[in-house]
Structures are given as structure tokens and as C-alpha cells.
Amino acid sequence: MGSNAIEIRGLRKTYRGAKGQPEKHALKGIDLDIPQGSVFGLLGPNGAGKSTLINILAGLVVKTAGQVNIWGFDQDVNPRQSRASIGVMPQELNLDAFFTARAALEVQAGLYAVPKAQRRTDEILKLIGLEDKADAYARTLSGGMRRRLLLGKALVHAPHVLVLDEPTAGVDIELRQMLWSNVRKLNDEGMTIILTTHYLEEAEEMCDEIAIINQGEVVARDSKDNLLNRIDAKTMVIHPEDAVTTLPEAPGIAVETRADGAVALSYHAHQTSAEQVLAAVRDAGIRIRDVKTEEADLQDVFLELTRS
Ligand code: ADP
Ligand code: MG
């Protein structure tokens, strides 16, 4: 298999349209390798196809075409081994309200045919901080506790690959930190982690490899560092007091004049500070009437990457 935890080739998913609706091409031929041991971010706006991809990996959604290989097992050839290699914390809170936390973990372990002697229910309850809620019914747990329980369920069969689908959408800071420290710990122990998010900062904080998907296609696939270099582009727009005669000049700064007389200076925040940009402006003898900065956000990156 090489050193990839997951290999995806030509993956397509077409959802049949509801009555009178056209069909939906949610995934349009995805090729993606996810290295073993990485924390891999699947980044993309709502509707990009992230959950569809994740749910196909999890065996919850049936693909239309293509090949999925999980931990060396082709999903179609070895469905059982392939499923046993991956654990998924879904985006939706789909817990059985009438199970206790402990029972939810035990039942899940049963579904994965984990022998009683090999179950780690107490260890998992401890990891997710629910030891004292072990016998509480899921319906009595707070939203945050339910999320943690979902994480626990994803771990019962000690999968090689853990997938978290928008784990922090709408959760409070405390839970977020708890999830991240769990993720780091599991990754340190060798687990490959895949997480989807539409928050750039989150991918920045957690992931070492990132794929950006948009409208069912991978539009970028790179290390975090390389991608951030592309993303941290900023533009400072200076409206001068007087007409500009000399344009600012400095390494790492691209300068252009705009139709309204403004001077736009583009730079990369990790290379050049705002202070250096301002200094270049002053050195050119430009008196500043007004200044604003334009920051590339994820949306810009999508636009840039999907324009061709
Ligand atoms: P994401 O997780 O990136 O927000 P999804 O994978 O949930 O994206 O959805 C991708 C596209 O597929 C969206 O346009 C969504 O409306 C559509 N879609 C998702 N699930 C279904 C379904 N069960 N039936 C029809 N369309 C679906
Ligand atoms: Mg989703």
C-alpha cells in the first residue's frame, strides 16, 4: 500500500434528485492520498462534498463510481477490514437517547465485533471526560457531552484512521480544546486523523496536510505551510493626500495604482510586516489620507483556485 492510510481514485457520487429535482453531482471524480500518521484537513465551504466523502469512507453512503482503499483494503474487495480500519465521528448528533454513555460504547463495540476482553470502555470514557456520566442516558447529556460520546463511539474498535466531520461547528471553546487535545494525543500515538472544517484557522492550528474541496472537486492539495503561503496574501490600500509621483518600492511588495488614485500594495504577511509596507509608502514621499487592508480569506482562495 505504500505509506498512505487512504487512497481514493476517481471517486464520484451522484445523489438522485428529489421529485422533480435534477440529480446532484456531489463528488465529481476525486483523487486523493492521505498519508499515514498525518492530521489531514479537508477544507471546503458548505455543500462542497466533505460529508459525502467522509460518509463514503465510513461506509454510510454508497459511492457511484471510483475506488476507495482504506489501510490497504479496497472497500469493495474487503469491506469488513476496510470498515474496521476507520472510525468516524459524524457531523450529526445521531445518538440513541435511551442508551447510557457506557451502553452506547458497548453496543458500538458489539457492532464492530470487538471481543468483550478487548473492550476499552472505561479507558474511552476517561479519555472523553465522561467517567462520571457513564450511567447517564444520552438524552440527559449536554450537547458538548454528546459530541464527546460520538468521539468515544468512533474509537471503540481502535481504528487506524479517525475521521471527524466538522467536530467543532457550533461548540464552545472548552469542548473545542478538549477535542483538539484528544486529537493530538491520538495522533501522537500513531493514529491518522482526518478532519473536515470550513474554518481556516482550525485547519491552520491542527493540520499538517490539507485538501481544499469545492463543488465536488479537489482544487488544492498541499502541505499546510505551502497552502498558507498562498493564503496569507494581504493588500494594503493607501488613499494618498496628493497625486502619487513616485511609487513605493520594497522587496516582497507588489505595487499597483487603482483607477481612483489609490495605491494597492500586496504582500505576504509571513514575509513582510504592515510596518515595512507603511515605511515603503513613507519613503516614496506619499502622505496617507486613508488606509485599509484587504485580507485574502478562504473564499478568495477558492475563487483564485477555481478561476483558471
Ligand atoms: P459538505 O459536507 O461539504 O457541506 P455535503 O457532502 O453534505 O457537503 O453535500 C454536498 C452536496 O450534496 C450538497 O449540494 C448537498 O445538498 C448534496 N447532498 C448531500 N446529501 C444529499 C442527499 N442525501 N441527497 C441529495 N443531495 C445531497
Ligand atoms: Mg458536511
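Bear in mind that the values in this text are calculations on the coordinates, not laboratory data. Source: prediction; values computed, not measured. Note that each Cβ is placed from the backbone with ideal geometry, even for glycine, and that neighbours are counted across all protein chains shown.
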For Ala259 and Ser223, compute 0.36 nm times the residue count separating them, minus their Cα-Cα distance, and round to one decimal in nm. 9.2 nm
Using alpha carbon centroids, what distance separates the stretch 127-199 and the stretch 238-258, in Å? 50
Of Lys153/Lys234; Lys133/Lys185; Lys24/Lys234; Lys50/Lys234; Lys24/Lys292; Lys28/Lys116, which ones are farther than 31 Å apart at the Cα? Lys153/Lys234; Lys24/Lys234; Lys24/Lys292; Lys28/Lys116
Expected unfolding gain across Gln36-Arg139 under the 0.36 nm per residue rule, minus the alpha-carbon gap, is 33.5 nm
Please give the calculated 222 nm ellipticity per residue for the chain, where each DSSP H segment of at least 4 residues contributes -39500 (n - 2.57) and the sum is spread over every residue; nearest 500 deg cm²/dmol? -9000 deg cm²/dmol
Show which lysines lie in cross-link reach of Lys19 when reach means a straight Cα distance below 22 angstrom and same-chain residues fewer than eight apart are skipped. Lys63
With loop defined by DSSP as not H, G, I, E or B, and exposure as at most 14 other Cβ atoms within 10 Å, which is the longest segment of the chain clear of exposed GluC sites (Glu not before Pro)? 93-188
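How high is the relative contact order of the stretch 152-286, given as a whole-number percent (alpha carbon pairs under 8 Å, six or more residues apart)?
On the way: 149 pairs, mean separation 23.0, N = 135.
Value for the stretch 152-286: 17 percent.
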Radius of gyration and maximum dimension Dmax of the chain, Cα, Å: 23.9, 80
Report relative contact order for the stretch 231-306 in percent, whole number only (criteria: Cα-Cα under 8 Å, sequence separation at least 6). 46
Can you check how the C-alpha radius of gyration of the stretch 87-210 compares to 2.2 N^0.38 Å, as a plain ratio? 1.01
Would you mind pulling out the separation of the Cα centroids of the stretch 12-29 and the stretch 75-125, in Å? 30
In degrees rounded to 10, the 0-90 angle between helix 143-155 Cα long axis and the longest Cα principal axis of the chain is 70
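Suppose a student asked you for the relative contact order of the chain, using Cα pairs under 8 Å spaced at least 6 residues apart; what percent would you report?
Value for the chain: 19 percent.
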Taking R0 as 22 Å, what FRET efficiency do you get between Glu205 and Arg230 from their Cβ-Cβ distance, rounded to the nearest 0.05? 0.80
Counting C-alpha atoms alone, how compact is the stretch 224-289: give Rg to one decimal and Dmax as a whole number, in angstrom. 12.4, 42
Using 0.36 nm per residue, how much length does the chain from Asp283 to Glu174 gain when fully extended, once their Cα-Cα distance is taken away? 34.6 nm
Under Karplus coefficients 6.51, -1.76 and 1.60, residue-wise ³J(HN,Hα) of the stretch 33-46 in Hz, glycine/proline x: 10, 10, x, 4, x, 8, 9, 9, x, 9, 10, x, x, 4
Which shape class applies to the stretch 164-237: rounded if a/c is under 1.5, otherwise prolate when a/b exceeds b/c and oblate if not, where a ≥ b ≥ c are the square roots of the Cα gyration tensor eigenvalues? prolate
